[in-house]
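One structure is given here, and the rest of the page talks about it.
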Amino acid sequence: MNSPEEKFTIDYEYVVEKYSDMVYRIIMTITGNNEDAKDAFQETFLRLVRSQEKIKDEEHLKAWLIRVASNCAKTIVTSPWNKRTQGFEENTEEAVYTEEEHSLLEEVRSLSPNYSLPIYLFYYEEYSIKEIAGILGKNENTVKTLLSRGRTELKKRLEKGGE
Amino acid sequence: MAVEMIKDIENGDMIKTAYDELHAPDSWKQDVILKMKEEEKKNECKKETTQSHRLIRFATGTAILCAAALCLFLILPKGAPITTKMEDGIYYEDIELKNGEIHFVSNRVAISISPNAGAVFSTEQEAEENQTEVLLTESGGMITFEKTQKSKLPEIAESNWSYIGEQPIYVTVLKTEPVRYQAIYETDGETYELIGEGVTQREFIDELYRLVKK
């Protein structure tokens, strides 16, 4: 994009190409349906255009997108106008899941965003607990607890589902 | 199946694999890029509007200030002096003007106006007794200096005297067009009268000061 000493500028095509999947996954983890996810997806990137002057570097950009995407998704989910009529099964026009993967995604999504987001960031984005704490603005111990509870909850749900 | 998945959750492999299959639709990407570009255009327009509003406000402010400065420049020298307390050492350290007041006209020092302003005292004198000098000033006005042995001083309260050093002086300003200044003082049995017409206050007070200090 540009060298570190230059002012950080954002190339929209590059940002969308590089981070759209991450943003989409975060949003889908929270909303679980394409209708809401699309709104949150667009809102996240439009906010980036409005706030691009605040972005310092690539790392900051990624953390910023994670935080804003999760906030946008949570806002939509908790909105009184929210019409969550679709489940994961209707959003998979381009994804090819095994039954297990689909079931797992459904279960992750059905967790509270407090659990599902740290799980995603830890296992998929491979952020450390310290980094997750920084991104989500939470204490490291809180993140550890959320991850542990999230895993336990996920196990319980999978066990139930597997019976 | 569930048991295997639970095991995989511990090392995150299953989660990773599941999310790997989840991709943002291409149509969303193209759509959002277009919207981002539109949003940027809107932002630029907003910025331009804000800047032009700021420019308009700045220009208006500047115009008001200029108009105010012009008014001060045009009106004040024509006889609407601002009365303020005298500050030592502006032009003459030993001038004490009535009630300690001094008039500033623009950036010039002027003598204060007597309560009897408007009346120029009679200057009827016998020609042979009078000694008159006329001085043309740079501003195109004229200062007439007259020395006579006849007292011209009106009976006025001491508080209305102006002073240059120890010398009491009675000073009036007649607000005619042009403004007419008159200063009368007595020393060693002689009466001195200085009349300035069409002169600046600075010129008048300079000349008065020079004569008293002579």
Which of the residues belonging to segment A:107-126 are without any contact (Cβ under 8 Å) to a residue 60 or more places away in the chain, open to solvent by 30 Å² or more (accessible area, probe 1.4 Å) and of a type outside the set (Gly, Ala, Ser)?
A:Glu107, A:Asn114, A:Tyr115, A:Phe122, A:Glu126
Quickly run through segment A:133-163 and pick out the residues that are farther than 27 Å from A:Asp21 by Cβ, within 9 Å of chain B (Cβ to nearest Cβ) and part of a helix (DSSP H, G or I).
A:Glu159, A:Lys160, A:Gly162
I need the full set of residues from segment A:53-79 which are in a helix (DSSP H, G or I) and open to solvent by 40 Å² or more (accessible area, probe 1.4 Å), in order please.
A:Glu53, A:Lys54, A:Glu58, A:Glu59, A:His60, A:Lys62, A:Arg67, A:Asn71, A:Lys74, A:Thr75, A:Thr78
Please enumerate the residues belonging to segment A:40-52 that are facing chain B (nearest Cβ under 7 Å), open to solvent by 40 Å² or more (accessible area, probe 1.4 Å) and at pLDDT 90 or above.
none
Take the conditions more than 7 Å from chain A (Cβ to nearest Cβ), modelled with pLDDT under 85 and open to solvent by 80 Å² or more (accessible area, probe 1.4 Å) and apply them to B:Gln51. Does it pass?
yes
Looking at segment B:23-41, which of its residues are more than 7 Å from chain A (Cβ to nearest Cβ) and within 58 Å of the chain's Cα centre (by Cα)?
B:Leu34, B:Glu38, B:Lys41
Filter segment B:171-211 for residues that are part of a helix (DSSP H, G or I) and of a type in the set (A, V, I, L, M) and give the result.
B:Ile205, B:Leu208, B:Leu211
Restricting to segment A:108-132, what's the tally of residues that are in a helix (DSSP H, G or I), farther than 11 Å from A:Thr29 by Cβ and more than 8 Å from chain B (Cβ to nearest Cβ)?
5
From B:Asn99, B:Asn107, which residue is at pLDDT below 50, surrounded by fewer than 12 Cβ atoms within 10 Å (Cβ to Cβ) and more than 14 Å from every other protein chain (Cβ to nearest Cβ)?
B:Asn107
If you go through segment A:21-34 one residue at a time, do you hit one that is within 13 Å of another protein chain (Cβ to nearest Cβ) and open to solvent by 60 Å² or more (accessible area, probe 1.4 Å)?
no
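The values are calculated or read from the model by the stated rules, or taken from the named source; none is laboratory data. Note that the coordinates shown come from a computational prediction; the quantities given were computed from them, not determined experimentally. Methodologically, a virtual Cβ is constructed for each residue, glycine included, from the backbone with ideal geometry; neighbour enumeration extends over all protein chains shown. Accessible surface is based on the protein model in full, side chains and every heavy atom, while ligands, DNA and RNA are left aside. Shrake-Rupley method; radii C 1.70, N 1.55, O 1.52, S 1.80 Å.
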